[in-house]
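The next block holds one structure in the form of structure tokens; read it before the comments.
The values are calculated or read from the model by the stated rules, or taken from the named source; none is laboratory data. Just so it is clear, the model here is predicted, and its values are computed rather than measured. Cβ: placed from backbone, ideal geometry, glycine included. Neighbour counts: every protein chain shown.
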Ligand code: NDP
Ligand code: MG
């Protein structure tokens, strides 16, 4: 029996993780955490029977307590609750499926208590990779990628010497606006941005895919996970999302992982690694797909990618500012307070304004995040 806990159980990755639990009776859920959706959390608790549940808001935690007053599940709230859940005994793998930098501290707490991390929450590695990776090494903890591209790279590295990697080919669908001009992008609405051609995901990452900010975050995530330099990663736009990413070795061999776009495969792979389990659902039929195409990313039009690569190159606290500015800008866009192109504009303004800190500690990372939010408020006003 493998025991797991999930941060963000009511979201896209969280609910798909629970589908895998449902199909594999040797998985047991001992902890669940979410933001405010107490109704879905109640259903999940009744089905999966965790010992502990956390809601971010006090109001949602109070609501949940009322809803499950007939059960023994311990209900916690806020950051203290997330930290307690992450550090608690009685489980082995933490699936980090919350959105944004909120995941940093619980991920650290889980590593310090020896848990394996199945990492979907890429914002944690982007902003604090220089703290997380050495900490995981110190505690002998594995960080297993859930992000589909990183899972593909991880699978393509199986049995190989990481010293023989020449390049990582990080594929990108190009999102719903691939091929559009800046003029066309200026009028794109929230509804347009939320129509991803191949993947069904949470709102924030879907918008990040439309701006290509997601690919920039993934480049940084790959640098940390696989110990490669920025110059060893090539972003390849591949609209069919069949090749989930590839590794080129020093002899020129390219090893890739292919499959239909379905997050359940990388989630399941991380949960059972190094085992592979049967999975229900449609399988890849190359005759159906017929054509795989590749393009260079358009970094002039999609400034989210070029700004992210700049942040990655500058390093230190700059990736935090890039990420925090994006988190705030995407929230404003989803609230219809700014237009689509303003997302990248706000990110650039925040990066230009920031005085970079080399090798920031956790407090400095959280401070850079808070200052970025404040700066956006000040320039918006
Ligand atoms: P969703 O928005 O669908 O879900 C987010 C989850 O986090 C929800 O359960 C939400 O709870 C919870 N949550 C939000 N804020 C808090 C908080 N403060 N404390 C505790 N829980 C909180 O996101 P996704 O599942 O799409 O993405 C999750 C992460 O995985 C992101 O980092 C994303 O980049 C990454 N990822 C996602 C992929 C996908 O296919 N969706 C693919 C690859 C990576 P509530 O519902 O109550 O608000
Ligand atoms: Mg991805």
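Before moving on, here are some points about what is shown:
- Test: residue in region 120-129 that is in contact (Cβ under 8 Å) with a residue 24 or more places away in the chain, within 10 Å of the chain's Cα centre (by Cα), over 22 Å from residue 364 (Cβ atoms) and within 14 Å of ligand 1 (Cβ to nearest atom): yes
- Filter result (part of a strand (DSSP E or B), closer than 22 Å to residue 199 by Cα and more than 8 Å from ligand 1 (Cβ to nearest atom)) within region 1-30: 6
- Failed item, numbered, when residue 377 is tested on (1) in contact (Cβ under 8 Å) with a residue 12 or more places away in the chain; (2) in contact with a helix residue (DSSP H, G or I) (Cβ under 9 Å, 6 or more places away or on another chain): (1)
- Just one of the listed residues (159, 140) is away from ligand 1 (no atom under 16 Å from the Cβ), surrounded by fewer than 20 Cβ atoms within 10 Å (Cβ to Cβ) and modelled with pLDDT under 95, namely 159.
- Residues of region 172-186 that are in contact (Cβ under 8 Å) with a residue 60 or more places away in the chain and more than 17 Å from residue 297 (Cα to Cα): 186 alone.
- Positions within region 9-43 being within 16 Å of ligand 2 (Cβ to nearest atom) and within 14 Å of residue 76 (Cα to Cα), in sequence order: none
- Counted residues, region 162-188 - those being assigned to a loop (DSSP other than H, G, I, E, B) and either within 14 Å of ligand 2 (Cβ to nearest atom) or surrounded by 13 or more Cβ atoms within 10 Å (Cβ to Cβ) (or both): 8
- Qualifying residue in region 205-218 (condition: crowded, with 18+ Cβ neighbours inside 10 Å, within 25 Å of residue 343 (Cα to Cα), at pLDDT below 95 and within 11 Å of ligand 1 (Cβ to nearest atom)): no
- Among the residues here, residue 138 qualifies as out of contact with any helix residue (DSSP H, G or I) (no Cβ under 8 Å at 6 or more places or on another chain) and over 22 Å from residue 246 (Cα atoms).
- Among all residues of region 192-200, there is none that is buried (at least 18 other Cβ atoms within 10 Å of the Cβ), more than 16 Å from ligand 1 (Cβ to nearest atom) and at pLDDT 95 or above.
- Evaluation of residue 145 against the conditions (1) more than 16 Å from ligand 2 (Cβ to nearest atom); (2) crowded, with 17+ Cβ neighbours inside 10 Å; (3) more than 19 Å from residue 85 (Cα to Cα) shows that the sole unmet condition is (1).
- Count of region 36-52 residues, restricted to those that are under 15 Å from residue 97 (Cβ atoms) and either touching a residue at least 40 places away in the same chain (Cβ under 8 Å) or part of a helix (DSSP H, G or I) (or both), is 5.
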